[in-house]
Every structure is written in C-alpha cells, then in structure tokens.
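S.K.: Here's a structure for you.
The values are calculated or read from the model by the stated rules, or taken from the named source; none is laboratory data. Treat the numbers as computed from the prediction; the structure is a model and nothing was measured. Cβ: placed from backbone, ideal geometry, glycine included. Neighbour counts: every protein chain shown.
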Amino acid sequence: MCGYANSQQSTNQQPANAPPQRPPERWADHWGAIATYGPNGSLGTANNMMSQGAAVQAALANCHTQHGSTCEVLAYYRNGCGVLVIDGPGENYNANSGATLDEASQKAMATCAKGGYQNCHVYYSGCSFPQRLQ
C-alpha cells in the first residue's frame, strides 16, 4: 500500500475548507526631514525617502536652493510626521516629530509656548508613512 494511513497523516495540513494562508505583510520605511537657515528664513524639506541619510541630504539640498548658506537639520522622522512651528513675528521657530501630524504639532506648539512666545502656529507640516510592499 502506498501513502499514509489516516493515523499517520501530517498534522500541518489545513482542512480542505480553510482559506489559504496569507503571506506575512512587508512594509518599507519612509523618512522625512526638516532643515532651516534662520537668518534668511530658508526652509528645506524632504518626505518619503528610503533612509534617514537620504531624507537629511534632500532637506539640506532643498534648503540650500532657498539661499540657505549653512542650513541645519531641525528634525527627521521615520514612518511619521514632522512640523515646523514659528511664533507670530517669525523670530523663533522649532521643529518636532511624532507618529501622527497631531502628535508632532502638539509637541512643537508646546515647545513654542514654553518659550514664552505668543501666536505660535504651524508653518510647515509633512508626513512620511510606511508603504506596504506585500
């Protein structure tokens, strides 16, 4: 007799009416960054980059195209959002990041308010969420 007897069947077989197993989900991280040059208000941003380094370099390059001579990165974020908050006259600014736009905005607004600045508002916001590959 060929094959297995019922008592010897493999235990990792699915019942005939079970739905097929789905392959595990795979996601690609995406990064963003915010760079500025304060003396002339230059702003450089990048979103949906494949690495932190790529996001930072793209934001710095974008800032330099706005005539920022010595731009600096204020924030970078992975699979989330970043915001730049300024006070009313635009003399003070800060950037922050979070899992959501609301979280990043709340953090940056709190920092602005703690500094004693009034009329703080979000000047820039951007998000870089992961992309499902499979």
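S.K.: Does G90 meet the test of being more than 16 Å from the chain's Cα centre (by Cα) and either under 17 Å from G44 (Cβ atoms) or modelled with pLDDT of 95 or more (or both)?
M.R.: yes
S.K.: Still on this model: Select from the stretch 38-70 the residues that are crowded, with 19+ Cβ neighbours inside 10 Å, more than 22 Å from H121 (Cβ to Cβ) and in contact with a Ser or Thr (Cβ under 8 Å, 6 or more places away or on another chain) and list them in ascending order.
M.R.: M49, A55, listed by residue number.
S.K.: Still on this structure, I have one more. In the stretch 99-125, what count of residues is obtained for those that are surrounded by fewer than 19 Cβ atoms within 10 Å (Cβ to Cβ), touching a Cys at 6+ places or on another chain (Cβ under 8 Å) and at pLDDT 95 or above?
M.R.: 6
S.K.: Also: Give the residue that is farthest from Q134 (Cα to Cα), with candidates limited to residues of the stretch 14-32 that are assigned to a loop (DSSP other than H, G, I, E, B) and in contact with a strand residue (DSSP E or B) (Cβ under 7 Å, 6 or more places away or on another chain).
M.R.: Step by step, filter the stretch 14-32, then rank; the result is H30.
S.K.: If I ask for residues that are touching a residue at least 24 places away in the same chain (Cβ under 8 Å) and within 16 Å of P130 (Cβ to Cβ), which ones from the stretch 47-63 would you list?
M.R.: N47, N48, M49, Q52, A55
S.K.: If I go through the stretch 63-84 residue by residue, how many of them are under 17 Å from the mean Cα position of the chain (by Cα) and part of a strand (DSSP E or B)?
M.R.: Adding up the residues that qualify gives 11.
S.K.: Would you confirm whether or not the stretch 16-39 contains a residue that is basic (K, R) and modelled with pLDDT of 95 or more?
M.R.: Initial filter on the stretch 16-39 (basic (K, R)): 22, 26.
Pick out the ones that are also modelled with pLDDT of 95 or more and you get none.
No, the stretch 16-39 has no match at all.
S.K.: Run A35 past the list (1) in contact with a Leu (Cβ under 7 Å, 6 or more places away or on another chain); (2) in a helix (DSSP H, G or I) and report the number of the one that doesn't hold.
M.R.: Unmet for A35, out of (1) in contact with a Leu (Cβ under 7 Å, 6 or more places away or on another chain); (2) in a helix (DSSP H, G or I): (2).
S.K.: For the stretch 85-109, name all the residues that are over 16 Å from A33 (Cα atoms) and either assigned to a strand (DSSP E or B) or of a type in the set (A, V, I, L, M) (or both).
M.R.: Of everything in the stretch 85-109, those that are over 16 Å from A33 (Cα atoms) and either assigned to a strand (DSSP E or B) or of a type in the set (A, V, I, L, M) (or both) turn out to be I86, M109.
S.K.: Go through the stretch 26-44 and report how many residues are under 12 Å from the mean Cα position of the chain (by Cα) and farther than 17 Å from A99 by Cα.
M.R.: Of the residues in the stretch 26-44, 0 are under 12 Å from the mean Cα position of the chain (by Cα) and farther than 17 Å from A99 by Cα.
S.K.: Follow-up question, since we're still on this one. Kindly indicate which of T100, T70 is closer than 18 Å to N48 by Cβ and among the hydroxyl-bearing types (S, T, Y).
M.R.: Every option except T100 fails the conditions.
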